[in-house]
Amino acid sequence: MSQLITLKIEGREVTVPDGITIIEAATHTGIDIPHLCYCKGLESTGACRLCLVELEGAKELVVSCRRKVKSGMVVRTRTDRVLEARRFVVELILSNHPGDCMSCERNGTCELQKYAYELGIEKTRFTVKDLGYPVDTSNPLIERNYNLCILCGRCIRICKTQGSDILDFMQRGMVTKVTTPLDKPLQEVDCDFCGSCVAVCPVAALLERSRKFRGREWELNKTKTACSYCGCSCDLLINTKKGEIVKVTTEEKTDYLCARGRFGWDYVQNGERLKVPRIKRDGKLVECTWDEALDYVARRLSKIKDTHGPHSLGGIVSAHHTNEVIYLFQRFMRACLGTNNVDSSVRLLSYPAVADFIEVFGTPDVACSLAEIEEADTLFIVHSDVDMSSPFVGVEIKRASKREAKLVTIDPRSTRVAEISHLYLRLKPGTEAILLNGIAHCMLEEGLYSREFVETKCSNMDQFKEFLTKQARDVERKTGVSKESIAKAARFYGESDKKVVIIFSPEASDIQSVHAIINLLLLTGRVKGGVFPYMPLCNLRGAADMGALSEFYPGCKVVDDSTTRRKLERIYGAALPDKPGLSSLEMIQSGTTISGLYILGENPVVSFPNTTETVKALTSLDFLVVQDIFLTETAKLADVVLPGISFAESSGTFTNSEGKVKVINRAIDPLARPDWKIIAELSSKMGYPLDYDSEEKIMDEIKTLIPAYSGGSWDRKERYSFIMADMGRSYETPDSTHPYLLMTGPTKFDFYDGSRTSRSRISQLEPFQGEYLGINPEDAKSLGITEGSKVLVSSKRGSITVAAKIDESLPLGLVFMPAHFSGSNVLTTSDIEPTTRTRKIQLSAVAISQLEEVGEVTNE
Amino acid sequence: MMGENAAPKIVVGLGSCGIAAGAREVLAAFERELKRQGVRAKLGRTGCLGLCYREVLADVITKSQGRISYGNVTPVMVPRIVEQHIINDKPVEEWIVLGDGYTTPDTDFLTRQYRIVLRNCGRIDPEAIEEYVARDGYKALQKVLAEISPEDVISIIKESGLRGRGGAGFPTGLKWEFTRKAKGDKKYIICNADEGDPGAFMDRSVLEGDPHSVLEGVLIAGYAVGAQEGFIYVRAEYPLAVKRLKVALEQAKSHGFLGNNILGTPFNFNIKIKEGAGAFVCGEETALIASIEGRRGMPRLRPPFPATSGLWGKPTCINNVETFANIAWIISNGAGKYSAIGTEKSKGTKVFALTGRIKRSGLVEVPMGITLREIIFDIGGGIKDDGKFKAVQLGGPSGGCLSADLLDIPIDYETITQTGAIMGSGGMVVADERTCMVDLAKFFLSFTQNESCGECVPCRLGTKRMLEILIRLTQGKGEEEDLYLLRNLARDVKVASLCGLGQTAPNPVLTTLEYFKEEYEAHVRERRCYAGVCTDLTVFVIKDNLCKGCGICVKHCPVEAIVGKRKEIYHIDESKCIKCGLCMEHCPFDAIYRA
């Protein structure tokens, strides 16, 4: 491939890599060969016949999007014969395409229009037919108008490679049409709504509904920024007209965005956005001025500090904020308020992984890149809801599988990823650590590990062997996975010459399974690029790096490290506390020592376990200030609400799952006050001025503290230790009163605490408004439950009523509830695991009963 | 065929054609009659002999008379045949179409043929492997497995000069060699039996009449290219062919010609039947492969050719039924004997389905190099009702229409291609003066337009726009510039289409425009269809001087378009006339004519 060859295009000698097509070679040279079905990044079919060129020595015209270059080839792209063929093709297409360019959204960027113009076709000689297809506007995101479709097939091809593979042609000849299974609307055929089809459509057959009549292409401003949903934090372009977002696109047409990234931005312009601060007066939140609000907060916080000491104050920041905001927040908490009680979403979503990485490798920066997933030979996927949580990782897995990489999936649910796997280990819920240890044990027994690495780099192999031997007892019975399957998995993982990556969900992993994953890395020496924890929030990595954890300073330095503390004290000009503070979970629970709490962007009422306890703890605080863009369930409990801004209004950076620092650029003017300015002003009012001109200045300070953010690298350990702990079950044991295990997790469209997605059109795509209990068909049958039945779900913490959704991917005994649904955490337990100080229990025991139907239910 | 058993044997032609003509009833009548008259005779069946115009065919085989074929047999004729021929040993001479020592008008039909592919059709029971074996069936396979290396098999096929009979005429041996040399852990053989051309039935007749010859060809190909699995992709619209193939597969398996360790050698080969769902485009090899794989039957661009990347991406050799049916003969008789037949570049024989306005329609196998005139006039007996020859359509909807001045060209791939037609799979439709060439072009184009898969623009939209013009022309709404546009469109569709379907779809239009230009011009300039086919351009007129006022035409007119009184001269009201022509047909005085 890398060999260079020389050919002649349009009389010009060009040297290009061997193996590429003529059209690619032409593009290389700056020669544009017209094309409609060809699309860079997709397999070409040669169907539109527009890219025909003349090849010296060939009798017939050749299709340049398929024909590979050859040394000495002579290509002519604009001969009379070629132009005639092209005119003919475009004229034919125009004979079947309504010429409604006047008000067409694609006017100006329509590829058909472009070629009609370039080829000088003023009018087709044929009568233009009206195809009469109804325009599909039945879903909130994508408009499908097949009257405009030119059947290039790009949408079909991209849906295969990065969508849910639900498109194909139907019928033939003149009545050929792009369709879905049984020609049903997208929302009924498991469409991912990634919108990739919209992005590649050369005409206006597929459109973002949001953009209709809201701006011509040439009026749109494109701001490059990054997505603020999951940890992939994909690059995107926010298209605005006069300060309003019209749509979101990508640099290259085939760049992937998921439904949330492409369509989930509309919450930014939702009417419920907070623009003015509010103070609680007589039990009611009433609007006030910024000065009033900030003075009040400063006064109250100071008073609590003076009365109860700095450690009676706490702060929690959400990891969907920029590094700059998070960094400043922790500086405010530590230097101005004087407490290490500063924590973030990291605690509940990824703490065990972060802590383990720092402990074993000396750095949180262990993940491989997304591109490396695609290139891997074998992928081990622990928790396979990845295409819900981090859809782009799901796409990379699919691409790898297409390249014939081997997939091994470990999950009790038979998810989409599980279905395409070579080996699917359907284990009993909550037994991941046992299974992974079983695999490690098998590798030891079969000698499938890197002896050299272990002997030269690891210190405690003997101890580890002993641990595994003890752990390995009864693996088959405990996990429900056969010995043979475990051995197979061990052999897949143990293939030393293969690039193997373990992909896992830090959110769903307890500390023991993270230990087990790291031990596998050490056993095979895959300490670099061997693991990918997919972060459920865009800046979880950044939040940890910035020191938004009560035991870590910026740069992931432990707070009891006095060298770092002294350095920080110098820069901050304040004395810093030297003991780890409380974790977010510890701050919000009964008997907490916190009196005043500052919550930035988090919504614990929904996102923290045991809602009843959470609400009780929040309402019993002396003072609660919540900074957010909406009046969330948590903000409603606050004494003061400070309106911040969304990612579209922000500048700064995120650090994504890969550890890449993504630049966030402001696309629209802030609707309220930038969060970093609020913190800085508050700090000033409390006598600790934080003077920054801009976000860049904050980043400059970060760079001085964390070398990796200024082009340097993280300090890494060179010697490692296997990491062991036997802490028993991470799930509540089901019993006769609570016989089912409840798993909560991400869904396709909604997100995290739901505060943003519930105010976006994408949430309309969730079944039952995203509030349901997924249950295996047989469990449902034995309980007399059918799809949509109202059921009462209860645990020792509380109970809720919800619709049942039959879900074949769930095993018997395991039920599922979307994590963004505010009811799910009513059932969960907030028991704290003492070493990580995050939740101990991933799966809660619940009881389910069908509610008596009241009267006849009529179907309208 | 007589065997040691002296009992006479009656064999009825039970191909689809025979069955359609009533062969089952004839067979039943023989059974009844034999029982009634208490005659001991064996009843058997065979495939199609090719004399379509003589169906139902029934052969009587006796020791004294040999094999005698009766044509146009109906159940009514059966008692006499049984009594006279079988009981009294006196053949019913006036019904004989073929028989030793008898010269009939039908003799020419067979004597001018050279039957390699059709060697067993109409001669053996297609559902009895013993009869195939008795005529040296599977000998070639035995020979190949025992004595000839795969490379040498390929050399023999190359030497024979056999070219693909699916239409394009690619040298078969070369295709096998490419497949053999292609890298792949698995290789496949596909037999393309998706015969879809209207008017073509060569493959069906072979599958129905001699399925084992095809299987033997596939097996030898498999051995030669190094494949272990074969598919026969056959139209589901050929239920009898499918059934006989299934029977043949079972029999071949039980006789050790198919499966593992064939004939005790290490050669393993299995064949699966895949029924097509009726899309014409699936006759195109890449679309056919997609269809077998369970995908939508759409062609893809070549290269890569199936020989390097075919079924499931593996090297695949794909040939059609007729090609495979030649193989065993070539192996048994030698490449030299095969290549001695035909012209310099086109060797061997070709089977044609001769239909249309011809006296003796049917299936003929002729040596390459024979002229169209010989086929149509000598074998086919000339034009029906002694009409005048106008054109012959070669190669089905992808082929072209040739005029009388091309009747003496020799039939070989290159010459036919030069005329603008193609050899195609072998459809040969004869037209006389009563055929309108514009209408004929419209017929073929409406077929291809309807069968276009819709993938590439030129074929999907171009054929439709061409058809629209042809429809306008036949309606008398065509303009001078339509002819220009039609020709340009046709050329562009040919140049720019993705697969063979689109690249050849304009051929009927281009050739009729070339050879029958004046007919198009008459449709535009004079608004007339001389053949009287395009009803919009036809007027029925009653000649005043011939009309006797009998009123018979009035009775037959379905739309009361004829006005006037009895004993007076009638007139046709053009506004009501639907141009059915019933009046003209029934006028006893020939007073009505088409203008």
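The values are calculated or read from the model by the stated rules, or taken from the named source; none is laboratory data. This structure is a prediction, so every number in the text was calculated from the model and none was measured. When we count neighbours, we look across all protein chains shown, and the Cβ atoms used for this are built from the backbone with ideal geometry, even at glycine. Accessible surface areas use protein heavy atoms only, side chains included; no ligands, DNA or RNA. Shrake-Rupley method; radii C 1.70, N 1.55, O 1.52, S 1.80 Å.
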* Structure fact -> When the charge dipole of the range A:509-616 is computed with +1 on Lys and Arg Cβ and -1 on Asp and Glu Cβ about the Cα centre, the Cα farthest towards its positive end, among A:603, A:555, A:516, belongs to A:555
* Asked: What size of dipole, in debye to the nearest 20, comes out for chain B about its Cα centre when the only charges are +1 on Lys and Arg C-beta atoms and -1 on Asp and Glu C-beta atoms?
  -> 880
* Structure fact -> Over chain B, the sum of -39500 (n - 2.57) across DSSP H runs of at least four, divided by residue number and rounded to 500 deg cm²/dmol, gives at 222 nm -10000 deg cm²/dmol
* Structure fact -> Probe 1.4 Å, heavy atoms of protein chains only: per residue, the accessible area of the range A:242-284 in Å² is 45
* Enumerate the whole-percent occupancy of each 20 Å bin, from 0 to the last occupied one, for all C-alpha pair distances of chain A. => 14, 43, 33, 9, 0
* Assign one of three labels to the range A:709-759, namely rounded, prolate or oblate, based on the Cα gyration tensor with a ≥ b ≥ c the square roots of its eigenvalues; rounded applies when a/c is under 1.5, prolate when it is not and a/b is larger than b/c, and oblate otherwise. => oblate
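Assign one of three labels to the range B:129-339, namely rounded, prolate or oblate, based on the Cα gyration tensor with a ≥ b ≥ c the square roots of its eigenvalues; rounded applies when a/c is under 1.5, prolate when it is not and a/b is larger than b/c, and oblate otherwise.
Rounded, since a/c falls under 1.5.
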* Structure fact -> For the residue A:287, residue A:15 Cβ pair and Förster radius 56 Å, calculated FRET efficiency rounded to 0.05 is 0.25
* Quick one: of B:272/B:350; B:183/B:253; B:243/B:274; B:158/B:337; A:557/A:685; A:177/B:464, which pairs are farther than 18 Å apart, Cα to Cα? => B:272/B:350; B:183/B:253; A:557/A:685
* Between residue A:808 and residue A:6, how many nm apart are label points set 7 Å from Cα along the C-beta direction? -> 6.1
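Determine the percent antiparallel among the DSSP beta bridges restricted to chain B, to the nearest 5.
The antiparallel fraction comes to roughly 60 percent.
How do A:343, A:192 rank by accessible surface area computed with a 1.4 Å probe, from largest to smallest?
Working: A:343 0, A:192 20 Å².
Per-residue accessible area, sorted high to low, gives A:192, A:343.
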* Ignoring ligands, DNA and RNA, what accessible area per residue does the range B:349-432 give at 1.4 Å, in Å²? -> 26
* Dipole of the range A:362-533, Cα-centred, from +1 at each Lys and Arg C-beta and -1 at each Asp and Glu C-beta, to the nearest 20 debye? -> 340
* Asked: Using r as the Cβ-Cβ distance of residue B:589 and residue B:417, and R0 as 60 Å, what FRET efficiency do you calculate, to the nearest 0.05?
  -> 0.75
* Structure fact -> Phi angles of the range A:648-660, converted by Karplus (6.51 cos²θ - 1.76 cosθ + 1.60, θ = phi - 60°) into ³J(HN,Hα) in whole Hz with x for Gly and Pro, give 5, 9, 9, 10, x, 9, 10, 10, 8, 4, 6, x, 7
* Compare each residue of the range A:12-58 in its chain alone against the assembly with all protein chains, and report those whose accessible area goes down by 30 Å² or more; 1.4 Å probe, heavy atoms. => A:45, A:47, A:49
* Asked: In straight Cα distance, which aspartates and glutamates are under 13 Å from residue A:8, not counting same-chain residues fewer than 8 positions off?
  -> A:54, A:56
* To do: With a ≥ b ≥ c taken as the square roots of the eigenvalues of the C-alpha gyration tensor of chain B, please select rounded if a/c is under 1.5 and otherwise prolate if a/b is larger than b/c or oblate if it is not?
  => oblate
* Asked: Which Cα, out of B:56, B:34, B:77, lies furthest along the positive dipole direction of the range B:9-106 (beta carbon charges, K/R +1, D/E -1)?
  -> B:34
* Taking the range A:361-424, which trypsin sites (Lys or Arg not before Pro) meet the DSSP loop condition and have no more than 15 other C-beta atoms within 10 Å? -> A:403
* Asked: When only the heavy atoms of the protein chains count and the probe is 1.4 Å, how do B:202, A:102 rank by accessible area, highest first?
  -> A:102, B:202
* Pop out a list of residues from the range B:463-511 that are at least 40 Å² less accessible with all the protein chains around than in their chain alone; 1.4 Å probe, no ligands or nucleic acids counted. => B:465, B:485, B:492, B:495, B:496
* Where in chain B are the DSSP H helices whose alpha-carbon span along the long axis reaches 18 Å or more and whose Kyte-Doolittle mean is at least 1.0? -> B:211-225
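Over the protein assembly as shown, what is the percentage of antiparallel beta bridges among all DSSP beta bridges, to the nearest 5?
Rounded to the nearest five, the antiparallel share is 55 percent.
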* Structure fact -> Taking a probe of 1.4 Å and leaving out DNA, RNA and ligands, the range A:4-78 shows per residue an accessible area in Å² of 45
* Asked: Which of the aspartates and glutamates could a cross-linker span from residue B:576 if the Cα-Cα distance has to be under 19 Å and same-chain partners fewer than 8 positions apart are dropped?
  -> B:536, B:560, B:585
* Structure fact -> Taking B:125, A:165 and ranking on accessible area (1.4 Å, protein atoms only), highest first, one gets A:165, B:125
* **Cα centroid separation - the range A:548-569 against the range A:606-657, whole Å** => 25
* Asked: Given charges of +1 on the Cβ of Lys and Arg and -1 on the Cβ of Asp and Glu, with all other atoms neutral, how large is the dipole of chain A about its Cα centre, in debye to the nearest 20?
  -> 1340
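For the protein assembly as shown, what number results from the quotient of the Cα radius of gyration and 2.2 N^0.38 Å? Each step should come with its number before you reach the end.
Working: Rg = 40.8 Å, N = 1455, 2.2 N^0.38 = 35.0 Å.
So the Cα radius of gyration is 1.17 times the expected 2.2 N^0.38 Å.
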* What are the residues of the range A:112-149 that lose 50 Å² or more of accessible area, with a 1.4 Å probe, going from their chain alone to all protein chains? -> A:125, A:126
* To do: Just flag the chymotrypsin sites (Phe, Trp or Tyr not before Pro) in the range B:133-221 sitting in loop per DSSP whose Cβ has no more than 14 other Cβ atoms within 10 Å.
  => none
* Asked: For the peptides A:504-515, A:574-585, B:222-233, what is the packing order when you average, over each peptide's residues, the other Cβ atoms within 10 Å and list the highest mean first?
  -> A:504-515, B:222-233, A:574-585
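What ranking do A:306-317, B:474-485, A:46-57 get when scored by the average of other Cβ atoms within 10 Å per residue, highest first?
A:46-57, A:306-317, B:474-485
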* **Between the range B:408-456 and the range B:285-329, the Cα center-to-center distance that results, in Å** => 24
* To do: Report the accessible surface area buried between chains A and B, summing both sides, using a 1.4 Å probe on protein heavy atoms only, in Å² rounded to the nearest 100.
  => 2600
* Structure fact -> Excluding residues fewer than 8 positions from residue A:528 in its own chain, the lysines with Cα under 18 Å of it are A:457, A:498, A:499, A:660, A:717
* To do: First compute the accessible area of the protein assembly as shown with a 1.4 Å probe, then give the percent of it belonging to carbon and sulfur atoms.
  => 49
* Leading residue at positive end of dipole, the protein assembly as shown (Cβ point charges), from B:446, B:352, B:495 -> B:352
* the range B:284-324: trypsin sites (Lys or Arg not before Pro) falling in loop per DSSP and having at most 12 other Cβ within 10 Å -> B:295
